[in-house]
Amino acid sequence: MGNRASSGRTAIERRSERELVVTRIFDAPVRLVFDAWIKPDLFKRWWAPKSHGTPLLSCEMDVRTGGGYRIAFGHDASKSMAFFGKYLDVTPPSRLVWTNDEGGEGAVTTVTFEEKDGGTLLVLTELYPSKEALDESFVGMEDTMPEQFEQLDELLITLNSDV
(Lines give C-alpha, C1' and ligand atoms only; values in the text may rest on other atoms or scores of the structure.)
Protein backbone atom coordinates (compact mmCIF):
# COMPACT_ATOMS: atom_id res chain seq x y z
CA MET A 1 0.00 0.00 0.00
CA GLY A 2 2.94 2.28 0.59
CA ASN A 3 1.87 4.70 3.33
CA ARG A 4 4.87 4.49 5.64
CA ALA A 5 6.02 6.55 8.55
CA SER A 6 9.09 6.03 10.66
CA SER A 7 10.07 7.72 13.86
CA GLY A 8 13.39 6.58 15.18
CA ARG A 9 13.10 2.84 15.65
CA THR A 10 9.31 2.62 15.23
CA ALA A 11 8.01 1.92 11.72
CA ILE A 12 4.33 2.36 10.82
CA GLU A 13 2.99 0.99 7.56
CA ARG A 14 -0.43 0.68 5.94
CA ARG A 15 -0.35 -2.81 4.48
CA SER A 16 -3.79 -2.56 2.87
CA GLU A 17 -6.91 -0.41 2.96
CA ARG A 18 -7.85 -1.96 6.32
CA GLU A 19 -4.55 -3.01 7.90
CA LEU A 20 -1.93 -1.04 9.81
CA VAL A 21 1.35 -2.58 10.99
CA VAL A 22 3.73 -1.07 13.56
CA THR A 23 7.14 -2.67 14.18
CA ARG A 24 9.93 -2.02 16.62
CA ILE A 25 12.86 -3.88 18.12
CA PHE A 26 13.31 -3.48 21.87
CA ASP A 27 16.60 -4.15 23.61
CA ALA A 28 15.01 -6.36 26.25
CA PRO A 29 14.05 -10.03 26.53
CA VAL A 30 10.68 -11.18 25.19
CA ARG A 31 9.33 -12.05 28.67
CA LEU A 32 9.98 -8.52 29.93
CA VAL A 33 8.35 -6.84 26.90
CA PHE A 34 5.36 -9.18 27.13
CA ASP A 35 4.97 -8.41 30.85
CA ALA A 36 4.87 -4.67 30.08
CA TRP A 37 1.74 -5.35 27.96
CA ILE A 38 -0.10 -7.62 30.42
CA LYS A 39 0.67 -6.28 33.90
CA PRO A 40 -1.44 -3.21 34.73
CA ASP A 41 1.21 -1.70 37.04
CA LEU A 42 3.74 -1.75 34.16
CA PHE A 43 1.27 -0.89 31.38
CA LYS A 44 0.21 2.27 33.24
CA ARG A 45 3.81 3.49 33.24
CA TRP A 46 4.15 3.71 29.45
CA TRP A 47 0.84 3.59 27.55
CA ALA A 48 -0.39 7.22 27.89
CA PRO A 49 1.64 9.55 25.63
CA LYS A 50 3.15 12.16 27.97
CA SER A 51 2.91 14.90 25.33
CA HIS A 52 -0.90 14.69 25.41
CA GLY A 53 -0.98 15.61 29.09
CA THR A 54 -3.88 13.25 29.73
CA PRO A 55 -3.12 10.76 32.50
CA LEU A 56 -4.22 7.16 32.64
CA LEU A 57 -6.87 7.10 35.39
CA SER A 58 -7.47 3.38 35.53
CA CYS A 59 -6.28 0.17 33.94
CA GLU A 60 -8.18 -3.08 34.46
CA MET A 61 -6.86 -6.13 32.62
CA ASP A 62 -8.02 -9.74 32.79
CA VAL A 63 -5.36 -11.02 30.39
CA ARG A 64 -6.57 -14.44 29.30
CA THR A 65 -8.39 -15.69 26.23
CA GLY A 66 -11.99 -14.57 26.81
CA GLY A 67 -10.97 -11.99 29.42
CA GLY A 68 -11.44 -8.25 29.06
CA TYR A 69 -9.77 -4.92 29.60
CA ARG A 70 -10.84 -1.35 30.32
CA ILE A 71 -8.49 1.63 30.23
CA ALA A 72 -9.63 5.16 31.12
CA PHE A 73 -7.83 8.44 30.37
CA GLY A 74 -8.64 11.86 31.77
CA HIS A 75 -8.16 14.29 34.60
CA ASP A 76 -11.24 13.11 36.49
CA ALA A 77 -13.53 10.12 36.26
CA SER A 78 -16.61 12.09 35.18
CA LYS A 79 -14.88 13.36 32.02
CA SER A 80 -12.76 10.33 31.22
CA MET A 81 -12.41 8.57 27.87
CA ALA A 82 -12.51 4.77 28.07
CA PHE A 83 -11.08 2.09 25.80
CA PHE A 84 -12.26 -1.47 26.31
CA GLY A 85 -12.58 -4.84 24.68
CA LYS A 86 -11.98 -8.57 24.93
CA TYR A 87 -8.89 -10.72 24.61
CA LEU A 88 -9.40 -13.16 21.72
CA ASP A 89 -6.03 -14.92 22.08
CA VAL A 90 -3.42 -14.80 24.83
CA THR A 91 -0.37 -16.99 24.15
CA PRO A 92 2.42 -16.05 26.61
CA PRO A 93 4.95 -14.73 25.84
CA SER A 94 4.51 -14.58 22.07
CA ARG A 95 1.05 -13.26 21.12
CA LEU A 96 -1.85 -11.06 22.26
CA VAL A 97 -5.05 -10.41 20.27
CA TRP A 98 -7.85 -8.13 21.45
CA THR A 99 -10.88 -6.23 20.25
CA ASN A 100 -11.34 -2.47 20.51
CA ASP A 101 -15.03 -2.18 21.36
CA GLU A 102 -15.35 1.47 22.39
CA GLY A 103 -16.45 2.63 18.93
CA GLY A 104 -18.65 1.19 16.23
CA GLU A 105 -15.69 0.72 13.88
CA GLY A 106 -13.13 -0.79 16.24
CA ALA A 107 -10.09 -2.70 15.07
CA VAL A 108 -8.83 -6.09 16.14
CA THR A 109 -5.27 -5.66 17.45
CA THR A 110 -2.65 -8.42 17.29
CA VAL A 111 0.74 -8.00 18.97
CA THR A 112 3.50 -10.57 18.48
CA PHE A 113 6.73 -10.78 20.47
CA GLU A 114 9.68 -12.59 18.89
CA GLU A 115 13.24 -13.05 20.17
CA LYS A 116 15.71 -11.31 17.87
CA ASP A 117 19.44 -11.07 18.63
CA GLY A 118 18.84 -10.99 22.39
CA GLY A 119 16.11 -8.35 22.04
CA THR A 120 12.44 -8.44 21.07
CA LEU A 121 10.89 -7.81 17.68
CA LEU A 122 7.41 -6.47 18.39
CA VAL A 123 4.87 -6.38 15.56
CA LEU A 124 1.51 -4.72 16.23
CA THR A 125 -1.17 -5.21 13.57
CA GLU A 126 -4.53 -3.48 13.57
CA LEU A 127 -7.23 -4.80 11.24
CA TYR A 128 -10.10 -2.37 10.77
CA PRO A 129 -13.62 -3.18 9.51
CA SER A 130 -13.34 -0.52 6.77
CA LYS A 131 -10.91 1.77 4.97
CA GLU A 132 -12.68 4.78 6.55
CA ALA A 133 -12.14 3.46 10.07
CA LEU A 134 -8.40 3.05 9.40
CA ASP A 135 -8.19 6.50 7.76
CA GLU A 136 -9.66 8.02 10.92
CA SER A 137 -7.23 6.23 13.25
CA PHE A 138 -4.09 6.52 11.14
CA VAL A 139 -3.69 10.26 11.66
CA GLY A 140 -3.37 10.03 15.44
CA MET A 141 -1.29 6.85 15.43
CA GLU A 142 1.56 8.39 13.45
CA ASP A 143 2.29 10.59 16.45
CA THR A 144 1.21 8.53 19.43
CA MET A 145 2.62 5.06 18.68
CA PRO A 146 6.28 6.17 18.35
CA GLU A 147 5.96 8.17 21.58
CA GLN A 148 4.33 5.26 23.42
CA PHE A 149 7.05 2.89 22.22
CA GLU A 150 9.78 5.35 23.31
CA GLN A 151 8.17 5.38 26.76
CA LEU A 152 8.03 1.58 26.74
CA ASP A 153 11.71 1.51 25.79
CA GLU A 154 12.56 3.76 28.77
CA LEU A 155 10.58 1.49 31.11
CA LEU A 156 12.28 -1.64 29.74
CA ILE A 157 15.72 -0.12 30.33
CA THR A 158 14.76 0.40 33.98
CA LEU A 159 13.27 -3.09 34.32
CA ASN A 160 16.20 -4.73 32.52
CA SER A 161 18.67 -3.16 34.95
CA ASP A 162 16.66 -4.60 37.87
CA VAL A 163 16.90 -8.18 36.53
If we take region 67-163, then strands (runs of 3 or more DSSP E) inside it with 1 or more residues that are within 19 Å of L20 (Cα to Cα) and not aromatic (F, W, Y) are 81-91, 95-99, 108-116, 119-127
Name the single residue that is farthest from G53 (Cα to Cα) among those in region 118-142 being touching a residue at least 12 places away in the same chain (Cβ under 8 Å) and acidic (D, E).
E132
If you check every pair at least six apart or on different chains, which have Cβ atoms under 6 Å apart with a residue in region 85-102 that is within 18 Å of S137 (Cα to Cα) first and a residue that is part of a loop (DSSP other than H, G, I, E, B) second?
G85/N100; G85/D101; N100/G106; N100/A107
In region 43-66, residues that are touching a residue at least 12 places away in the same chain (Cβ under 8 Å), assigned to a loop (DSSP other than H, G, I, E, B) and closer than 21 Å to P146 by Cα total 8
All-but-one check, K116 against (1) under 17 Å from A11 (Cβ atoms); (2) surrounded by 14 or more Cβ atoms within 10 Å (Cβ to Cβ), failing number (2)
Which of the residues spanning region 65-97 are under 24 Å from L121 (Cβ atoms) and not aromatic (F, W, Y)?
T65, L88, D89, V90, T91, P92, P93, S94, R95, L96, V97
Residues that are over 21 Å from I71 (Cα atoms), modelled with pLDDT of 90 or more and of a type in the set (G, A, S), drawn from region 103-161
G118, G119, S130
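The values are calculated or read from the model by the stated rules, or taken from the named source; none is laboratory data. Please read all numbers here as calculations on a predicted model, not as lab measurements. Neighbour counts run over all protein chains shown; Cβ positions are idealised from the backbone, glycine included.
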